[in-house]
1. Give the residue that is nearest to residue 69 (Cα to Cα), with candidates limited to residues of the stretch 21-51 that are touching a helix residue (DSSP H, G or I) at 6+ places or on another chain (Cβ under 7 Å) and assigned to a loop (DSSP other than H, G, I, E, B).
2. Residue 76 is checked against (1) buried (at least 18 other Cβ atoms within 10 Å of the Cβ); (2) closer than 17 Å to residue 6 by Cα and fails just one. What number does that condition carry?
3. Consider residue 56 against the criteria (1) within 15 Å of residue 90 (Cα to Cα); (2) part of a helix (DSSP H, G or I); (3) within 14 Å of the chain's Cα centre (by Cα): it satisfies all of them except one. Which criterion is unmet?
4. Looking at the stretch 64-77, is at least one residue within 30 Å of residue 101 (Cβ to Cβ) and part of a loop (DSSP other than H, G, I, E, B)?
5. Among what's in the stretch 98-108 and is under 15 Å from residue 17 (Cα atoms) and out of contact with any helix residue (DSSP H, G or I) (no Cβ under 7 Å at 6 or more places or on another chain), pick the residue that is modelled with the highest pLDDT.
6. Of all the residues that make up the stretch 78-95, how many are free of Cβ contacts under 8 Å to residues at least 12 places away in the same chain and part of a loop (DSSP other than H, G, I, E, B)?
């Protein structure tokens, strides 16, 4: 399979390693139409995880492209409220590389000491029981 970016290939390898089913760019969502009703703009998330019913967009590029992808992800959620999408930013992606033993760019590997773990869920974490110890609440 050909990926548009090396980060997508590495993410696919990570998903494969953990036995997570995925599809690469399976759908383009129309976000704009022209005066004739033809699609004039869309968004194709990088991955779809069927078991989680979740689309993943990996963004490791420059800030201008990150801003554009964020805008598209927000518009996707506005126009398709039942579709779940998570944008993985460069920091998230690099954290995954470090956490799971893939090769991080050497100049960035020191950034991750003490970084919090990445959450792939798009829903806010459940409120912890007020009697539960703080450590248990953080792992929920």
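1. That would be 46.
2. Here residue 76 meets the rest and fails (2).
3. So residue 56 meets the others, but not (2).
4. No, the stretch 64-77 has no match at all.
5. Ranking the qualifying residues of the stretch 98-108, first place goes to 99.
6. 2
Yes or no, residue by residue, for (1) farther than 22 Å from residue 80 by Cβ; (2) more than 15 Å from the chain's Cα centre (by Cα):
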residue: 1; (1), (2): yes, yes
residue: 11; (1), (2): yes, no
residue: 14; (1), (2): yes, no
residue: 19; (1), (2): yes, yes
residue: 41; (1), (2): no, yes
residue: 44; (1), (2): no, no
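Let's see how each residue does on (1) loosely packed, with under 15 Cβ neighbours inside 10 Å; (2) at pLDDT below 90; (3) on the phi < 0 side of the Ramachandran plot:
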residue: 9; (1), (2), (3): yes, yes, yes
residue: 24; (1), (2), (3): no, no, yes
residue: 33; (1), (2), (3): yes, yes, yes
residue: 40; (1), (2), (3): yes, yes, yes
residue: 81; (1), (2), (3): yes, no, yes
residue: 84; (1), (2), (3): no, no, yes
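The values are calculated or read from the model by the stated rules, or taken from the named source; none is laboratory data. Just so we're clear, the structure is a prediction, and the values are computed from it rather than from any experiment. When we count neighbours, we look across all protein chains shown, and the Cβ atoms used for this are built from the backbone with ideal geometry, even at glycine.
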